[in-house]
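To start, the structure under review is shown below, and the notes come after it.
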Amino acid sequence: MMKKLNKIIKISLALCLAMSLTNAEMIRDNKKEVVLDTETNLMWQDNSDAKTIEKRWITEENNDNKNYFDTSGDTAISYCKNLSLAGYQDWRLPSIEELRSIVDIAKSWPAISSNFRYVEKGNSYWSSSTYVREYYHHDAWSVYFADGSSRGEGHPKHIEQNVRCVRDGN
């Protein structure tokens, strides 16, 4: 009985810690259409494009030529590099760790801080992180905000997914 109680307490503490890490202080700037995460000092794009823009990680041509790391052309990475929002031009595609940092595991559909207004719940969002496995580089990591899960394998870089850009908030 005592072992069971200790296990429940440990699980509860772990969940509380996880929730505190995922519920960092998020501040929305409605005028600029961004969300600032004061814990990580990252500024997140949160305009209507964050819900509607879908891009490939690499172009079909680069995929066909097995150029799995060439992100030139009309891609998610080039979209972020060219984004001008809130008076800033230094946007980039977030890493998988950065994208996971805005997941709120206490929520679902969408599993993201309520400060974000523009979320496509039924699609995944690209990260800049390649899914790496031996001789396997044609997939990339993404986050599915309907439930907050992240996926690498099975997300080919040449398919379209949503894009949410980020910048350092200084």
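The values are calculated or read from the model by the stated rules, or taken from the named source; none is laboratory data. Here the structure is a predicted model, which means the values were calculated and not measured. Cβ placement follows ideal geometry from the backbone for every residue including glycine, while neighbour counts extend to all protein chains displayed. Only protein heavy atoms, including side chains, enter the accessible area calculation; ligands, DNA and RNA are left aside. Shrake-Rupley method; radii C 1.70, N 1.55, O 1.52, S 1.80 Å.
For this structure, a couple of remarks:
- Restricting the range 67-83 to residues that are surrounded by fewer than 19 Cβ atoms within 10 Å (Cβ to Cβ) and assigned to a loop (DSSP other than H, G, I, E, B), the residue that is modelled with the highest pLDDT is Asn82.
- Considering (1) modelled with pLDDT of 95 or more; (2) in a helix (DSSP H, G or I), the lone condition that Leu17 does not fulfil carries the number (1).
- Take the conditions (1) under 15 Å from the mean Cα position of the chain (by Cα); (2) among the aliphatic types (A, V, I, L, M); (3) open to solvent by 10 Å² or more (accessible area, probe 1.4 Å); Ile102 misses just one of them, which is (3).
- The set of residues in the range 80-108 that are under 18 Å from Asn47 (Cβ atoms) and of a type in the set (S, T, N, Q) comprises Asn82, Ser84, Gln89.
- Qualifying positions in the range 131-156 - over 12 Å from the mean Cα position of the chain (by Cα), surrounded by fewer than 18 Cβ atoms within 10 Å (Cβ to Cβ), outside any loop (DSSP other than H, G, I, E, B) and at pLDDT 85 or above: Pro156
- Listed conditions (1) open to solvent by less than 50 Å² (accessible area, probe 1.4 Å); (2) touching a helix residue (DSSP H, G or I) at 6+ places or on another chain (Cβ under 9 Å); (3) touching a residue at least 60 places away in the same chain (Cβ under 8 Å) are all met by Tyr118, apart from (1).
- Hey, Ala86 at pLDDT 85 or above, closer than 27 Å to Glu25 by Cβ and surrounded by fewer than 15 Cβ atoms within 10 Å (Cβ to Cβ) or not: no
- Residue match in the range 89-98 (condition: at pLDDT 90 or above, out of contact with any Ser or Thr (no Cβ under 9 Å at 6 or more places or on another chain), part of a loop (DSSP other than H, G, I, E, B) and open to solvent by 10 Å² or more (accessible area, probe 1.4 Å)): yes
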